[in-house]
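A quick write-up on the structure given underneath.
Just so you know, all these numbers are worked out from the coordinates, no wet-lab data involved. Source: prediction; values computed, not measured. Glycine also receives a Cβ, built like all others from the backbone with ideal geometry; neighbour counts cover every protein chain displayed.
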Amino acid sequence: MMKYSEKVMDHFRNPRNAGDMSNPDGVGKEGNPVCGDMMEIAIKVDDDKITDIKFKTFGCGSAIAVSSMITEMAKGMSLDQALSISKEMVAKELDGLPPNKMHCSNLGSKALKNAIENYKARKAGKEVAAEPLAVE
Ligand code: FES
C-alpha cells in the first residue's frame, strides 16, 4: 500500500485556494498525459506579484494536495519566483510523494507556469483564446 505523508493527507482533506476566480489576470491549464487528469490554475497579478491564486482539478488525491500546496507557495511570490517552482520543490514541501505519483506534481507546476505565460501574453496585448485543453 502507498504511504502518503501527513501533509499530503492534510492538503488533500482541506485543500487551500480551491475554486473559481472571477476576472483572473491569467489562467493556465495542463493535462496529464500519464493519467489523463486535468488542472487549471487562475492568478491575479499586481506589480509582478501573485496576489491571489485558485485551482480546480479533475485529478487524483495527490493532484489535489499538490495544487493546494503550490497555490500556498506561489501566493505573494513574484512571477519569476513562481516560475521557478519545480515539481520536486512541491513534492518536498509535501514531505514527499510516492515515486509513481510524481507525475501528479508535474501537473501543478506546469499549470502554474501556463497561467503566468497566459498573464504575460495578455499583458503584451495578445489575444489569448481560453481553449479547454484536449486530453488524449
Ligand atoms: Fe492523475 Fe495523479 S493520477 S494527477
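The table below lists the values:
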{"item": "Cα lying deepest toward the dipole's positive end in the chain, options I64, I43, N100, charges on Cβ", "result": "N100"}
{"item": "Peptide ranges 54-64, 14-24 listed from the most packed, as the mean C-beta count within 10 angstrom indicates", "result": "54-64, 14-24"}
{"item": "Mean separation of Cα contacts under 8 Å, 6 or more apart, over the residue count of the chain: relative contact order %", "result": "33"}
{"item": "Euclidean distance of C-alpha centroids, segment 88-105 and segment 38-80, integer Å", "result": "16"}
{"item": "Rounded to the nearest 20 debye, dipole of segment 15-136 from Cβ charges on Lys, Arg, Asp, Glu", "result": "40"}
{"item": "Residues with amide H under 5 Å from that of G26, placed H, sequence gap 5 or more", "result": "I43"}
{"item": "Straight-distance crosslink candidates among aspartates and glutamates, where the alpha carbon sits under 13 Å from K29 and sequence neighbours closer than 8 are dropped", "result": "D37, E40, E117, E131"}
{"item": "Structure-based [θ]222 nm, the chain - -39500 (n - 2.57) summed over DSSP H runs of at least 4, per residue, nearest 500", "result": "-12500 deg cm²/dmol"}
